[in-house]
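Heads up, the thing below is written out as structure tokens.
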Amino acid sequence: MAALLSIQKLRTIFYTEKGRVKAADDINLDIAEGKTVGLIGETGCGKSVLGLSILRLLPRNAGIEGKICYKGQDILRLSGEQIRRLRGKEIALIPQSPSTSLNPVLKTGVQITEALQLHQKLAREEAWKAAVEMLQSFNLPDPERRVKEYPHQLSGGMKQRILAAIGMAGKPSLIIADEPTKGLDAIIRIQVVEVLHHLTKKTGATMLLITHDLKVAAGLCDEIAVMYAGEIVEHGPAEEVLGHPRHPYTMGLLASSPNNGLKPIRGCSPSLINLPAGCKFHPRCGKAREICAKKHPPLVTKNGSQVRCIFH
Amino acid sequence: MRKVLKAIGLICCLAAISLAVSGCSGKSEEIKNELRIALPDDVRGFDPSTSGYTSGIWDVYSLLYDRLVIEDRNKQVVAQLAKSWEVSDDGLTWTFHLREDVEFTSGTKFNAAAVKASFEFLKGKSICPVPLTTKIKSIEVADDYTVKFVLNRPHAPFLADLTDMRYPILAVNDGQPVGTGPYILKEWIKGKEIVLVKNERYWKGVPIIDRIVFKIIPDPHTRSLALEAGEIDLITCYGSPNLKEELQRLQKNPQTVVDTIHNWKVGHHLVFNYKKGPFSDARARKAVSYAIDAQKVKENIVGKYGITGVAHLSPLSPFAKPDIKGYACNLEQAKNYLSEAGWKDSNNDGALDKNGKPFRVKLVITKDDIAAIAEMAQSQLQKVGVEVEIQVLERGAQQKAIEEGNFDLALFTRIYCSGADPHLHFRQIYRSGADERYGYIFKNNELDDLINKLYTTLDNQERVKVYQRIQEVLLENAAAVYLFYEDHVTLYNRRLKNFDPFSGELSTLWQAYLEK
Amino acid sequence: MLKCIARRLVLMIVVVLGVTMMTFSIMHLAPGDPAEMIAIAKYGMEDLTQEDIERIRKAEGLDAPVYVQYAKWLSHTARGDFGRSLITGEPVLEEIWYRFPATLKLALAAMMVSLFIAVPVGIISALRQYSLIDYLSMTGALIGVCMPNFWLGLLLILLFSVYLGLFPVCGYGGLRHIVLPALTLGTGMAAIVTRLTRSSMLEVLKQDYITTARAKGLSEKKIITDHALKNAFIPVITVIGLQFGHLLEGTVIVETIFAWPGVGKLLVDSIFARDFALIQGCVLIFAVIFVIVNLLVDISYVYLDPKIRYEKEH
């Protein structure tokens, strides 16, 4: 089956006063229709940038090279108007940080209905009704009241559900969920996961789930790609990657998760301006040898999954 | 959001409409035979007993009211409503013979009784009565057209004082004063304009220009720009000093006529603190008098629109002494006087000192004064080693500093607007005990006697001599440094013809006309 | 909301009281004998005698201690009697009331001029950051901030009235008369508001919710009008309120240059003449306007920012 979205040789660079920030480098990733692909990695590894690159929502100082094919057309070659028509309708974004992603001066209902009116061509009243229904289906208590309120009156989980509703308003084929559980407490995280589960399994939508939460990824994803310093270092079926991690970074990530004893990876992720030569992970890698500092390992495919490590 | 935008839009529209409606009178019909005059300050009314002085008010008054006598272009007192006059030998009784062909604009006849009523009205209700009225003991109507003023004590400048615009002859009609002048008050829109229409009954003849509008324009630059743009036709009290460059530009404009007349009424001089500080020593005062180059100051500030000062009164005053000896700039003399007074440059730093104290003096000026004058004096005095600190004060504060002797030098700008005789100024500032506010300024017995003589000397020749001697005494004692006298500048549109603007008088406008 | 406004009204009385008290004491503490200043302003300085001055001092009650004078003024004012001008003898309220519409018209026109210029230019500059338009408008704003009113006013007169003959040099009258003074007065404010609108807009455009709005597929126009503007206006509105004070201050000079018969000119004249009754009246009016404008700003602020609205209600 042809991929719904195919990212090829994507490279996103930010031109800043301090230098060129390589936020994503040589990314190849296919997302098949109906599948949920998880993109995991530490904060600052470039996974959110990848998500925003797909929708071309990056600030003006970002340069994107390569190809992002959606349903056969290269998104990077679309005109501003064409990409705008794609947004929300074909590809939706559920943004990270619910506290800042809703407009503080507009009622939540307005923020949902404007998308409904735009994409589903609903009349005002219909749109409001539909919004309430959507929120109800996301198990938001008392949705009639909530749509008349402003974001600051809602809890984080409620806001996340509003954002989910905004994302789903256009009945998109592809959802990019950018850290939907970031900063939420455990109970709300479970609620959000339920919502996302509901979205993917019941509606059969395709999703790119960007997260640093391995547990969320494990529960929702068919495939998982692990990103480190702007590169994909491991990619394969979810159970493979999480069950039998092959890249030392993936192993480290797994070991650092709360279930596995919270053993952090030593050191911290490198600045995207001055990336280390060779394998970008080698300064922090327990298995690193001399060669790791010299040779940049390619992504090797083995048994249906890919890994970027010299020892594979 | 849309609601907000709508609300903002609505408010803006309402504001715009209200502006448009309030202003929809639009461009009024151009009235052809109308003269527009710039007035620097709004008047406070047209009753001379209460209106007080505002800048430009005499222009308005000179069109509405006549006086018994006026001062002409040659600074002579000439007849206006009085045909002739005589004074008794004791100087106490002044008799005026009046014109018989004059009517007030209200239709009442002008006669001796009217003159008496007019002065009684002026004496009027104000807290500060118009000064001359306090000197009059009684006014007698000798016959219909002869009036006698009996004074409390001799007041020699009585006739000259009557030329003062504060003593117009008016009649009261419905509580409003009316005059005999060439124009009649039609409308006063406070803060904006005063409209006058011609007096068909004017005793000299019917004025040619139908309407005169005084437009109130406080800013001097705006006034000249309005003249250039043709929005006004006449500027009377043009303050030349700060506007030298502007005047030169206006003179090149083919539309405008710049009429300058050398004037003795606006003079700038520096006075010394005679009682306290270094200038209690006459030699120090003389040194400063020699050190300051008045010619240069004048050139710099007003250029050709003024005359350099030598003595207290300008050489153009009828009371000036033509060959008077002043202090022409002479740095050697200045230095000699300074060292005589004990000021030496003992530490060779270019600044003088005495007993270890530097020669440092304070010059107080007001914000309305021309700061450049003070700055020039400062740099000229620095050349002889005297350090001057300029203190720019508000008018009240400067007055206070002078009153309390908290100054060494003060800049005085004197406008003698009270008639043809400058006696008031001398009496107020230089006569002992006349006004305690000027206690720190030069006084001496000879000067006191001379100033008293100004009031008892009726003979004009003698008066001139007294004035000349006063000025000599002031110079001998180096009581002040005389800098320059500003010209009286009148600017008008070339369309205005047959107009002779002389000092503070616009009554000649009655025979002027506007060329098409 | 109503409670809040009521509280603000009480505060307003306190502010106005404070302002008048300060003006009163400053005017009395300023060097120079007030009676003499009044006498000079009223009669000219030439042949004024000390007796005249003393008479005026007595007649106007200037011989009493300052606090007694203030208390007297306050008690009269509280009863609606603003007194009479010491110089003209006209009732203060009448004098101010007569000139007030002119000043209000000028201030409103200036505000409209500056908002109509500043807000769109600021928005365009933000949307086209680092473009030629942006550089031009920011340079213009910088010049606008630096340019003193009197200089700008004369420059405008020279250009538009003397050379081009488009508008009258000065005077009070129709729409044509108000253009140049409003421009002069509004420029400084326009410059500040332009810069603020631009920076505020830039700040807002960086926010996550704008990304959300974009991701929705909204058109750029809708994003600006529906999502960015209201947020960007919040700081702008505050500054407009504060700037209104400067606007009133500016009327003092602009009214003089353009021979505009307003309260600003009246205030200056009365200060020079130490016309206490009139000064107090003018200051009172200005203070009240300023406080009211800021109250309006706060109300609109509440309207724009739901957070404040709800905090106040709960």
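Laboratory data are not the source of any read-out in this text; all were calculated from the coordinates shown. Every value quoted in this text rests on a predicted model; they were computed, and no experiment measured them. Cβ coordinates were reconstructed from backbone atoms using ideal geometry, including for glycine residues, and neighbour counts include every protein chain displayed.
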TODO: Within 10 Å of each Cβ in peptide B:220-227, how many partner chain Cβ atoms are there on average? Round it to a whole number, please.
DONE: 5
Task: Euclidean distance between Cα centres, region C:1-76 to region B:38-112, Å - done: 37
Open item on the list: For the protein assembly as shown, what does the convex hull of the Cα positions come to per residue, in cubic angstrom?
Closed with: 243
Open item on the list: Can you give me the distance in nm between label points at A:Lys71 and C:Gln129, each placed 7 Å from the Cα along the Cα-to-Cβ direction?
Closed with: 3.3
- [ ] Enter the Cα centre distance for the pair region C:108-179 and region C:191-245, rounded to the nearest angstrom.
- [x] 22
- [ ] For a label point 7 Å from the Cα of A:Ile291 along Cα→C-beta, name the residues of region A:229-269 whose backbone N is under 17 Å from it.
- [x] A:247-248
TODO: Would you work out which of B:Thr105, B:Gln398, B:Gly306 lies farthest towards the positive end of the dipole of chain B? Charges go on Cβ: Lys and Arg +1, Asp and Glu -1.
DONE: B:Gln398
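Sum up the charges of everything whose Cβ sits under 12 Å from the Cβ of B:Tyr467, counting Lys and Arg as +1 and Asp and Glu as -1, but leave B:Tyr467 out. Walk me through the numbers before you get to the answer.
Details: positive: B:Lys321, B:Lys453, B:Arg463, B:Lys465, B:Arg469; negative: B:Asp421, B:Glu462, B:Glu472.
Here the count lands on +2.
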Task: Ranking of B:Lys192, C:Lys72, B:Lys298 by count of other Cβ atoms within 10 Å, fewest first - done: C:Lys72, B:Lys192, B:Lys298
Task: Relative contact order [Cα under 8 Å, 6+ residues apart], chain C, whole percent - done: 26
TODO: For region C:209-226, just list the computed ³J(HN,Hα) in residue order, Karplus coefficients 6.51, -1.76 and 1.60, θ = phi - 60°, integers in Hz, with x standing in for Gly and Pro.
DONE: 5, 6, 4, 4, 5, 5, 5, 5, x, 5, 6, 4, 5, 5, 4, 5, 6, 8
TODO: Place the peptides B:69-77, A:191-199, B:493-501, C:2-10 in order of packing, highest mean first, counting for every residue the other Cβ atoms within 10 Å and averaging per peptide.
DONE: A:191-199, B:69-77, B:493-501, C:2-10
Open item on the list: Starting from the 7 Å offset along Cα-to-Cβ, what nm value, one decimal, do you get for the label separation of A:Phe311 and B:Asp368?
Closed with: 9.5
Task: Whole-number percent relative contact order across region B:266-486, with pairs defined as alpha carbons under 8 Å at least 6 apart - done: 36
Task: CD proxy at 222 nm, helix term only [per DSSP H run n ≥ 4: -39500 (n - 2.57); per residue of chain B; nearest 500] - done: -9000 deg cm²/dmol
TODO: Using only atoms on other chains, find how many Cβ atoms lie within 10 Å of each Cβ of peptide B:189-200 and report the average.
DONE: 3
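Just to confirm a number: summing +1 for Lys and Arg and -1 for Asp and Glu over residues other than B:Leu313 whose beta-carbon lies under 13 angstrom from that of B:Leu313, what do you get? Please list the in-between numbers first.
Details: positive: B:Lys75, B:Lys265, B:Lys321, B:Arg414, B:Arg463, B:Arg469; negative: B:Asp421, B:Glu472.
That works out to +4.
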TODO: Give the residues of region C:267-283 whose amide nitrogen is closer than 20 Å to a point set 7 Å from the Cα of C:Trp97 in the direction of its Cβ.
DONE: C:267, C:277-283
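Considering only region B:266-486, what is the antiparallel percent among its DSSP beta bridges, to the nearest 5?
Details: 18 of 27 bridges.
Antiparallel: roughly 65 percent of the beta bridges in region B:266-486.
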- [ ] Taking 7 Å along the Cα-to-C-beta vector as the label spot, tell me the C:Leu159-B:Lys276 distance in nanometres, rounded to one decimal.
- [x] 5.2
Task: Dipole-positive endmost among B:Ala156, B:Val78, B:Val115 within region B:65-179 (Cβ charges, Cα centre) - done: B:Ala156
Open item on the list: Below 13 angstrom from the Cβ of B:Asp369, what's the summed charge of the other residues (Lys, Arg +1; Asp, Glu -1)?
Closed with: -1
Open item on the list: Charges at C-beta only: +1 for Lys and Arg, -1 for Asp and Glu. How large is the resulting dipole of chain B about its Cα centre, in Debye rounded to 20?
Closed with: 1040
Open item on the list: I'd like to know which of A:Gln191, A:Pro283, A:Thr113 lies farthest towards the positive end of the charge dipole of chain A, counting +1 on Cβ of Lys and Arg and -1 on Cβ of Asp and Glu.
Closed with: A:Pro283
TODO: Could you give the size of the charge dipole of the protein assembly as shown about its Cα centre, using +1 on the Cβ of each K and R and -1 on the Cβ of each D and E, expressed in debye and rounded to the nearest 20?
DONE: 5580
- [ ] Assuming 1.306 mPa s and 10 °C, estimate D for region B:266-486 with Stokes-Einstein, Rh taken as the Kirkwood radius over Cα pairs, in µm²/s.
- [x] 90
Open item on the list: List residues of region A:145-177, by number, whose backbone nitrogen lies under 13 Å from a label position 7 Å along Cα→C-beta of A:Lys129.
Closed with: none
TODO: For region B:296-315 and region A:75-120, compute the distance between their C-alpha centroids and round to whole Å.
DONE: 79
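Determine the calculated [θ] at 222 nm for chain C from helices alone, applying -39500 (n - 2.57) to every DSSP H run no shorter than 4 residues and normalising by the residue count; nearest 500 deg cm²/dmol.
That calculation yields -25500 deg cm²/dmol at 222 nm.
Could you size up the charge dipole of region B:43-95 around its Cα centre, putting +1 on the beta carbon of Lys and Arg and -1 on that of Asp and Glu, and report it in debye to the nearest 20?
Numbers: 5 positive and 8 negative charges, 50 e Å.
It comes to approximately 240 debye.
Please average, across the residues of A:106-113, the number of beta carbons from any other chain that are within 10 Å of each residue's own beta carbon, and give a whole number. Provide the component values of the computation, followed by the final result.
Working: counts 8, 1, 0, 0, 3, 6, 1, 0.
Mean inter-chain Cβ contacts per residue within 10 Å come to 2.
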